[in-house]
Amino acid sequence: MIRRILVGIGETDYTASAIRQAVELALVHDAELTAVSVLDENRLTRLGPVPIGAGSFAQDLAATRMAKAKEQSE
């Protein structure tokens, strides 16, 4: 008997079918279903080399990326 199910969610082609299957299994087994998503903050805020004088624009871009990713994950 399955008691708990953990399903990864994200912006992939397989997310919808993974969620559907996890829900079906949870209903059949009366199991607890938990979804998880990973947010890689280092990857989102790493911009690489920035031209002289563009530091503030780079910081704004990194902050915008983080805000958008957090909004989408909620």
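The values are calculated or read from the model by the stated rules, or taken from the named source; none is laboratory data. This one's a predicted model, so the numbers in the text were calculated from it and none came from an experiment. All Cβ positions, glycine included, derive from the backbone under ideal geometry; neighbour counts span all protein chains shown. Accessible surface areas use protein heavy atoms only, side chains included; no ligands, DNA or RNA. Shrake-Rupley method; radii C 1.70, N 1.55, O 1.52, S 1.80 Å.
A few notes on this one:
- Of the solvent-accessible surface of the chain, computed with a 1.4 Å probe and all protein chains present, 54% belongs to carbon and sulfur.
- Looking at the chain, the accessible area is 86 square angstrom per residue; that uses a 1.4 Å probe and ignores ligands, DNA and RNA.
- Projecting the Cα positions of 8, 19, 53 onto the charge dipole of the chain (unit charges on Cβ atoms of Lys, Arg, Asp and Glu, taken about the Cα centre) puts 53 furthest along the positive direction.
- Space enclosed by the convex hull of the alpha-carbon atoms of the chain, per residue, Å³: 92
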